[in-house]
Amino acid sequence: MTCRLLPALSRSFWIPLCFAACLSRAADPNLNPMFDRWFAAQTNIQSWSADFTQTRTFKTLAQPLVSTGKVWVATPGRFRWELGRPAQTIALRQPDQMMIVYPRLKRAEKYALGDVPPGPLKDVLSLLDVSFPRDREGMEARFKLLSAMETNSILQMTLQPRSASARKFIGEIVVGFRTNDFSIAVTEMRFADGSSMRNDFTNVVLNQPIPPGTFEEKLPPDISIVEPLRK
Amino acid sequence: MTSFLKRWWWALLIVAVGIGVWRLRFDVDILNLLPPDEPTVQGLKLYQKYFTNARELVVTLRAPDAERAEKLSRSLADCLRQQTNLVESVSWQPPWMEDPGQMAELLGCLWFNQPPAEFGALTNRLAPENLKSVLADTKQTLATSMSPMDMARRAFDPFDLLNLPSLNKLDAFSMGQGQQMFASQEGNFRLVFVQSAVDLGSYRSCASWLKTIEAVVAGLKAEQKEEWDGVVVRYTGRPVFVNEIATSMQNDMSRSVAGTSLIIALLFWLTHRRWLPMLWLLTLLALILFATLALGGLVLGTISVVSMGFAAVLLGLAVDYAVVHYQEALSHPNLSVPEIRRAIAPSILWAAITTISAFLVLNFGGLPGLGQLGTLVGIGVALAALVMVMIYLPPLFPNRRKAPVTQAPAGWWSYFNPPPEAPPSTGGAAPGLYHRTVMVVTVLILAAGCAVLCFHRPALDKSGDALRPQKGEAETALAEITTEMGLPPEPLWLIVAGSQESKVYRRLAFAEEMLNSAVSNRVIGRYLLPTAMWPRAEFQAANRAAAAALAEKGPRLREAALNEGFNTNALVLTDELLRTWARAGASTNVIWPTNNVSQWLLKRFVAHTPDQWLVMGLIYPATNQVETASLAKLSTRLAQDEAYLSGWQLLGATTLKRVKSKMWQVVTPMVILVLASLWFAFRRSTEILLGSAALLLSGLVLLTVMALAGWSWNLLNLMAVPLILGTGVDYSIFMQLALRRHGGDLALVRRSIGRALLLCGGTAVAGFSSLAWSSNPGMASLGKVCAVGIGANMIISVFLLPAWWVWLSRKSEGRGQKAEENPKSENGDRQSRTTSGPALNSSSFYRAGLWHFGLAVVRILPVGLVKGCCLIVAEIYYRLQRERREMVVDNFLPVLGGDREAAGKAAHRLFRKFSAKLVDLWRVESGVPVSEWLTHSPELEIIHAARAHGHGVLFITLHLGNWEHGGLLLNQLGIQLTVLTLAEPDDGLTDLRIALRRRCGVETLIIGQDSFAFVEVIKRLQAGEALAISLDRPVARGGVPIEFFGKTFDAPLAAAELARASGCALVGVTLVRRPDGYAVKVLPEFTYDRRELGSREARQALTQKILRAFEPEIRKDIDQWYQFVPLWPKDK
């Protein structure tokens, strides 16, 4: 119900959050060199694209729900996520707004990121506002590293939002990157209600030019646009 | 006093007081002061009764950060919950946050209220064959949706049961809004709602409970000192407001009563150096107040405490009566208490009557509270006047209780007669400088006041802010809540009532239409009505079968969901909804949600009594300034269907509008009654004008001070107006009647009444000034306005009014002196052009206008009715015109051997018979013939014999009986009569009487100082004509002293002169009224030696002989001897 509004809302921002998390560095001194190298590698990444498999786990479902899709990301602050084949959901991120299009439902939701009033919701989105950090300090200002481990050439870190109100909805964020080329491997958001959302990335392509039109969507006239944050 | 106390009506008063006390009830609801049929008032009453929580305390908590605020709020709530003896419940977050499942019942009821088509569609959607597709769609959404609403909802709502159109209209009651009821956006400011387990009916219980709660909170803070460091806790809510208002009122009253009592005691001591009068006064005041309340209870039954409070204030007027009475007694130590009472009673009684009549008119003001106030003040002032006149003085002057033997007994009505005016006092003549100074000051005040008011006038504050307390803790906390929570400005309330849910719904729908229109027209900004949540009886009845059917599908739904991969967690909501529908399906009446969360939500806007349902909505004004005129119109239209729009902002405006609409109904009769009372008090237009001028000047001063000080009128200080009016009228009556009593002696008047008024006014100003420091801005403004208004009344009445009075009375004296040159006419009225005589005031009734009226009336109405009415007028005149009455008594005393009692009775009969005589005269003059002559033939022969002499006949009459009818009688005897008379006081009347006599066959000859008229008279007599003359009125010049009833009488020599000049026959005639007619008495012809009449002594002797012959006739019918002028010269 709507009491789950905020956690659910935060799920819509898992993408850039994960992306932001991708760019953070661990505080573990043993892995510091690895984190430093990873952050250094990020500064050279202007764009990337990948295929992903998304697994959503709900407390009310016995089995997780699995979908596939594709993602394009370009700095600063732009991405395009397509979920499902054919795309059931398209999420488009601009520096100042985000739009989620549901072609099947003929519906689009626009989120103006400057309109959010102060409060817990803003805390969650603030993780987004300082997303794409290019430095470790910025990341550590927003997240606390709970743990980090390397398995099968993937360094997986578990982060916790420092903001208490953000933690009400997002309990932990897991980010994993490949230690050979520092590309993103996995992201997972674990929500306060026990559900989770995991993305496993494959076929990652770095710094390939992405047409600007990729991050925009011309909506047909029969699609209705709503702005949930304006209510 | 003994005789007073023995009066039977004293016992009646005690009985009335007893019954009144038994009936008396007090009403503490301030809204009952307002018109009960006003929709705003009705709505406010319903809101106060059903939608305010008198037992809810709101604790605000401000912390440096949101996390700490939430944690401490939870801690505070847990701590308070443990105080089960004090606290019933504590809410620090929306109750559905703690138990979300409970919202399902509410949602189930919402579905049940849907139109049958929609509920039916749901039933179809949940048909077995559709379940799989529904669940698959849910999973698809969960897998791909980025919508937080969809993902949150569908996870726990696999069957999409929350897809309810009505839910969209419930934004105001959504969970997000719910959190906003408890925390600000940033989260560092939170509210904790504490419901008391103790009844908080009185302010003392509120104070005690609050103190305990604050102690608990303080204890918690002390235990967790570090956690609470930097956290600010405040309290607000009804218990805090009640406590603050009551405490501040108590402090105000204590301070005011103590300070005022001290000042009054000091002033009284400085003025009189005695405590006993003040203590006795306070005792009587207490008795008066008690009796007023008791009699008020007898008349009104239930009295509002607010009206009672104001009435008590106005009873301060009673102090004026006592002080004035007392001061008069001190200033005249040689007078007894009854004499002082006779002198001062008219002032007090007419002052009281003026005040009473003005206040009773308030019953037409349209406000029940005002009407109550007017009635209470009327009763109280009447009692106070009687008590202060009759009871106050005797115990203070025990040696002066008995009246002197020379004082004639007087009836009760004599206390209402204004005092006789003393001769002008030379000692008290206003010095020229003082008089000039007063006039200059008057002009300066007028000019300054007009100049100020031309540019700036006091405004009228239509809001209810005057009724609100000054900023206290509760108000500050409430303002903080409004700011922090981002709440809109104070909304208005819409209360809809109905005996059944269906009626309420219909009215809600109608209200919604009106409100939509109001939003379009920008009359209001937006509104919030729970129409969507209100049960629809007809829909519920139609959906019952479907609900029962759905409930039975529960197991199938569960199985389908589990088969599709959902677990039991996903079915909590569904199960609860199905249970609700099962209950709904089994019900026969309208169902409501019943669990704790639903009840918590519903009681915010729904109330239920055994015989009606009430629902509340919120209306937000379009701007911060409430457009009251348009809202009042909207309120009236809504009220036609029992939907009441109300709010404190609207209350002030609608109440004032009501008062304004009734203003003329109150002001006009008030002005008329006050002017009429002043007329009866003064009987002089100049004094009425002076009193009005003093009032108006006081009003000008008050408005000027208000304009300069920036004060405005408001709902509370408007109450000052009747008080200032009352004191102003009282002071002017006291002062002017005192000036009359003392012949304009300013020094004496200032020593007596002036001092008293300064004490009265000074104490009133002191008392009201103490209110200026009240914590309630309305009470403070009332105190200031009253102090200034009463102070202005006092200063103008004591220092300016006397000089105006003296100035105007000097002008009147000048006119009076001129009038002295015009002696009386035959009716004892002011003389116009005749020989000199004592100057007298003509009766104001003896005018052409009244004569015309009388002539017309006797032509139209039955004679019995006319005589009856005239008799009533005569009685009233007799009782009110003391001077005239005493004059008649003095005239009769020599005739009756000095027997004053007999003279008084005869005088009374005379006034009564005069009324009948006037009617007879009007009838004759309007042409009604007279035939009831009671004559004796031998006496008529005297007349014929006198005529036979051939030298003319001079008929001598007196003002005895119906002497004017003599001309008719003589006409019937074939004798043409000419009446010799003086001019009437009114020239129009002279001409009228001449014409009327002529119509009756009687000629008139006006004689005065014109000597040619006498020549004409002599010629007519010598020609053998018959003339008539009266001889029983004294003359100021040219008369001769003769003995009449043993007293010296200045008789006219006219008859003897005419006899000497013409040799005419002198015949005396009387014509008096008997029950069966007019009795004619012809006296034997008065014989004389014409040669001897050359000497004045002979003429004097003849005149003596004539008047002595009439003495027996006068004695026989003294009560028809119509002498309304003084006959006997004053003893030197």
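The values are calculated or read from the model by the stated rules, or taken from the named source; none is laboratory data. If you're wondering where the values come from, they're calculated on a predicted model, not measured in any experiment. Neighbour counts are summed over all protein chains in view; Cβ atoms, including those assigned to glycine, are modelled from backbone coordinates with ideal geometry.
Take the residues in segment B:45-69 that are closer than 17 Å to B:Ser91 by Cβ and out of contact with any strand residue (DSSP E or B) (no Cβ under 8 Å at 6 or more places or on another chain); name whichever of them is surrounded by the fewest Cβ atoms within 10 Å (Cβ to Cβ).
B:Thr52
Under 7 Å between Cβ atoms, at least 6 apart or on separate chains: pull out the pairs that start in segment B:197-208 with a residue that is of a type outside the set (A, V, I, L, M, F, W, C) and end on any residue that is surrounded by 14 or more Cβ atoms within 10 Å (Cβ to Cβ) and in a helix (DSSP H, G or I).
From residues that are of a type outside the set (A, V, I, L, M, F, W, C), the pairs are B:Asp199/B:Ser205; B:Tyr203/B:Val242; B:Tyr203/B:Asn243; B:Tyr203/B:Ala246.
Looking only at helices (runs of 4 or more DSSP H) that fall completely inside segment B:47-137, which ones have 2 or more residues that are aliphatic (A, V, I, L, M)?
Numbers: elements: B:66-81, B:95-98, B:103-112, B:116-125.
In segment B:47-137, the matching helices (runs of 4 or more DSSP H) lie at B:66-81, B:103-112, B:116-125.
Name the residues in segment B:511-530 that are farther than 14 Å from B:Val615 by Cα and in a helix (DSSP H, G or I), would you?
Correct list: B:Glu513, B:Met514, B:Leu515, B:Asn516, B:Ser517, B:Ala518, B:Val519, B:Ser520.
So for segment B:981-1000 (the condition being under 25 Å from B:Ala1098 (Cα atoms) and at pLDDT 85 or above), does at least one residue qualify? Quick ask: steps written out before the conclusion?
Residues of segment B:981-1000 under 25 Å from B:Ala1098 (Cα atoms): B:981.
Next cut, at pLDDT 85 or above only: B:981.
Yes, segment B:981-1000 contains at least one residue that is under 25 Å from B:Ala1098 (Cα atoms) and at pLDDT 85 or above.
Where the second residue is modelled with pLDDT of 90 or more and part of a strand (DSSP E or B) and the first is of a type in the set (A, V, I, L, M) and lies in segment B:223-240, which pairs have Cβ atoms under 6 Å and are six or more apart or on separate chains?
B:Val232/B:Arg62; B:Val233/B:Leu61
Of all the residues that make up segment B:566-579, how many are buried (at least 19 other Cβ atoms within 10 Å of the Cβ) and either under 19 Å from A:Gln63 (Cβ atoms) or within 9 Å of chain A (Cβ to nearest Cβ) (or both)?
Qualifying residue count for the region: 4.
Which pairs do you get when a residue that is facing chain B (nearest Cβ under 10 Å), found in segment A:157-175, comes within reach of a residue that is assigned to a strand (DSSP E or B) and surrounded by fewer than 20 Cβ atoms within 10 Å (Cβ to Cβ), reach meaning Cβ atoms under 9 angstrom, with the pair 6+ apart or on two chains?
Final answer for the pair search is A:Arg167/A:Gln160.
Only one of these is over 20 Å from B:Val721 (Cβ atoms), free of Cβ contacts under 8 Å to residues at least 24 places away in the same chain and over 16 Å from the mean Cα position of the chain (by Cα): B:Leu349, B:Leu386. Name it.
B:Leu386
Condition first: closer than 28 Å to B:Val863 by Cα and in contact (Cβ under 8 Å) with a residue 12 or more places away in the chain. Can you find one or more residues in segment B:945-955 that meet it? Steps first, please.
Taking segment B:945-955 first, the residues closer than 28 Å to B:Val863 by Cα are none.
The answer is no, given that none of the residues of segment B:945-955 is closer than 28 Å to B:Val863 by Cα and in contact (Cβ under 8 Å) with a residue 12 or more places away in the chain.
Tell me whether segment B:611-620 contains one or more residues that are surrounded by 15 or more Cβ atoms within 10 Å (Cβ to Cβ) and either more than 30 Å from B:Ala653 (Cα to Cα) or in contact with an Asp or Glu (Cβ under 7 Å, 6 or more places away or on another chain) (or both).
yes
Please go through segment B:580-600 and pick out each residue that is touching a residue at least 60 places away in the same chain (Cβ under 8 Å) and more than 14 Å from chain A (Cβ to nearest Cβ).
Here is the first cut: in segment B:580-600, the residues touching a residue at least 60 places away in the same chain (Cβ under 8 Å) are B:580-581, B:584, B:590-598, B:600.
Of everything in segment B:580-600, those that are touching a residue at least 60 places away in the same chain (Cβ under 8 Å) and more than 14 Å from chain A (Cβ to nearest Cβ) turn out to be B:Thr580, B:Trp581, B:Ala584, B:Val590, B:Ile591, B:Trp592, B:Pro593, B:Thr594, B:Asn595, B:Asn596, B:Ser598, B:Trp600.
Being more than 60 Å from the chain's Cα centre (by Cα) and not in a helix (DSSP H, G or I): is that true of B:Leu940 here?
Numbers: more than 60 Å from the chain's Cα centre (by Cα): yes; not in a helix (DSSP H, G or I): no.
Spelling it out, it is not the case that B:Leu940 is more than 60 Å from the chain's Cα centre (by Cα) and not in a helix (DSSP H, G or I).
Please count how many residues of segment B:163-192 are facing chain A (nearest Cβ under 8 Å) and either at pLDDT 85 or above or part of a helix (DSSP H, G or I) (or both). Step through it out loud before you land on a result.
Filtering segment B:163-192 down to residues facing chain A (nearest Cβ under 8 Å) leaves B:171, B:174-176, B:185-187.
Still in the list and also either at pLDDT 85 or above or part of a helix (DSSP H, G or I) (or both): B:171, B:175-176.
Residues in segment B:163-192 being facing chain A (nearest Cβ under 8 Å) and either at pLDDT 85 or above or part of a helix (DSSP H, G or I) (or both): 3 in total.
Within the set of pairs 6 or more residues apart or between chains, which connect a residue that is loosely packed, with under 14 Cβ neighbours inside 10 Å inside segment A:35-62 to a residue that is assigned to a helix (DSSP H, G or I) with Cβ atoms less than 8 Å apart?
Qualifying pairs under 8 Å: A:Asp36/A:Arg136.
So, in segment B:58-72, of the ones that are among the charged types (D, E, K, R) and either in contact with a Phe, Trp or Tyr (Cβ under 8 Å, 6 or more places away or on another chain) or more than 9 Å from every other protein chain (Cβ to nearest Cβ) (or both), which residue ends up nearest to B:Leu478 (Cα to Cα)? Talk me through it step by step, then tell me what you get.
Just the residues of segment B:58-72 that are among the charged types (D, E, K, R), to begin with: B:62, B:65, B:67-68, B:70-71.
Now drop any that are not either in contact with a Phe, Trp or Tyr (Cβ under 8 Å, 6 or more places away or on another chain) or more than 9 Å from every other protein chain (Cβ to nearest Cβ) (or both), which leaves B:62, B:68, B:71.
Working: B:Arg62: 13, B:Arg68: 22, B:Lys71: 22 Å.
The residue in question is B:Arg62.
B:Val1035 - would you say it is closer than 25 Å to B:Gln1120 by Cα and at pLDDT below 90? Quick ask: steps written out before the conclusion?
Details: closer than 25 Å to B:Gln1120 by Cα: yes; at pLDDT below 90: yes.
Taking the combined requirement at face value, the residue satisfies it.
Checking B:Pro555 against (1) in a loop (DSSP other than H, G, I, E, B); (2) farther than 17 Å from B:Cys109 by Cα: exactly one of these is not met. Which one?
With respect to (1) in a loop (DSSP other than H, G, I, E, B); (2) farther than 17 Å from B:Cys109 by Cα, B:Pro555 is out only on (1).
Return yes when B:Leu557 is modelled with pLDDT of 90 or more, surrounded by 15 or more Cβ atoms within 10 Å (Cβ to Cβ) and touching a Gly at 6+ places or on another chain (Cβ under 8 Å) and no when it is not. First the steps, then the outcome.
Details: modelled with pLDDT of 90 or more: yes; surrounded by 15 or more Cβ atoms within 10 Å (Cβ to Cβ): yes; touching a Gly at 6+ places or on another chain (Cβ under 8 Å): no.
So B:Leu557 fails the test.
If you check B:Leu135, B:Leu106, B:Leu131, which single one turns out to be more than 9 Å from chain A (Cβ to nearest Cβ), touching a helix residue (DSSP H, G or I) at 6+ places or on another chain (Cβ under 7 Å), under 30 Å from A:Met99 (Cα atoms) and of a type outside the set (Val, Ile, Thr)? Please lay out each step first, then the result.
Working: B:Leu106 fails: under 30 Å from A:Met99 (Cα atoms); B:Leu131 fails: under 30 Å from A:Met99 (Cα atoms).
Only one candidate qualifies: B:Leu135.
Looking for something at pLDDT below 80, under 20 Å from B:Leu716 (Cβ atoms), in a helix (DSSP H, G or I) and out of contact with any Gly (no Cβ under 7 Å at 6 or more places or on another chain) - is there at least one such residue anywhere in segment B:462-473?
The answer is yes; a qualifying residue exists.
On the given criteria, is B:Ala286 among the small types (Gly, Ala, Ser), at pLDDT 80 or above and either closer than 21 Å to B:Pro722 by Cα or in contact with a helix residue (DSSP H, G or I) (Cβ under 8 Å, 6 or more places away or on another chain) (or both)? Steps first, answer last, please.
Working: among the small types (Gly, Ala, Ser): yes; at pLDDT 80 or above: yes; either closer than 21 Å to B:Pro722 by Cα or in contact with a helix residue (DSSP H, G or I) (Cβ under 8 Å, 6 or more places away or on another chain) (or both): no.
Taking the combined requirement at face value, the residue does not satisfy it.
Keeping to segment A:91-107, report how many residues are surrounded by fewer than 18 Cβ atoms within 10 Å (Cβ to Cβ) and either aliphatic (A, V, I, L, M) or more than 12 Å from chain B (Cβ to nearest Cβ) (or both).
So the answer is 6.
What are the pairs, 6+ residues apart or on separate chains, where a residue within segment B:80-93 that is under 28 Å from B:Asn188 (Cβ atoms) and without any contact (Cβ under 8 Å) to a residue 12 or more places away in the chain has its Cβ under 9 Å from a residue that is of a type in the set (Val, Ile, Thr) and in a strand (DSSP E or B)?
These pairs meet every condition: B:Arg81/B:Val87; B:Arg81/B:Val90.
Residues of segment A:69-90 being surrounded by fewer than 19 Cβ atoms within 10 Å (Cβ to Cβ) and in a strand (DSSP E or B), which ones? Working first, answer last.
Let us first name the residues in segment A:69-90 that are surrounded by fewer than 19 Cβ atoms within 10 Å (Cβ to Cβ), namely A:70, A:75-76, A:84-87.
Of everything in segment A:69-90, just one residue is surrounded by fewer than 19 Cβ atoms within 10 Å (Cβ to Cβ) and in a strand (DSSP E or B), namely A:Lys70.
Test B:Val615 against the stated conditions and say whether it is in contact (Cβ under 8 Å) with a residue 60 or more places away in the chain, of a type in the set (Val, Ile, Thr) and part of a strand (DSSP E or B). Don't jump to the end; show me each part of the working.
Values: in contact (Cβ under 8 Å) with a residue 60 or more places away in the chain: yes; of a type in the set (Val, Ile, Thr): yes; part of a strand (DSSP E or B): yes.
The answer is yes for B:Val615.
Just to confirm my filter: which strands (runs of 3 or more DSSP E) fall fully inside segment A:141-231 and include at least 2 residues that are more than 24 Å from B:Met151 (Cα to Cα)?
Values: elements: A:143-151, A:154-161, A:170-178, A:184-191, A:196-206, A:224-226.
In segment A:141-231, A:143-151, A:154-161, A:170-178, A:184-191, A:196-206 are the strands (runs of 3 or more DSSP E) which contain 2 or more residues that are more than 24 Å from B:Met151 (Cα to Cα).
Name the single residue that is farthest from the chain's Cα centre (by Cα) among those in segment A:50-68 being at the interface with chain B (Cβ under 9 Å from one of its Cβ atoms) and either under 26 Å from A:Pro209 (Cβ atoms) or assigned to a strand (DSSP E or B) (or both).
Across segment A:50-68, the extreme among qualifying residues is A:Leu61.
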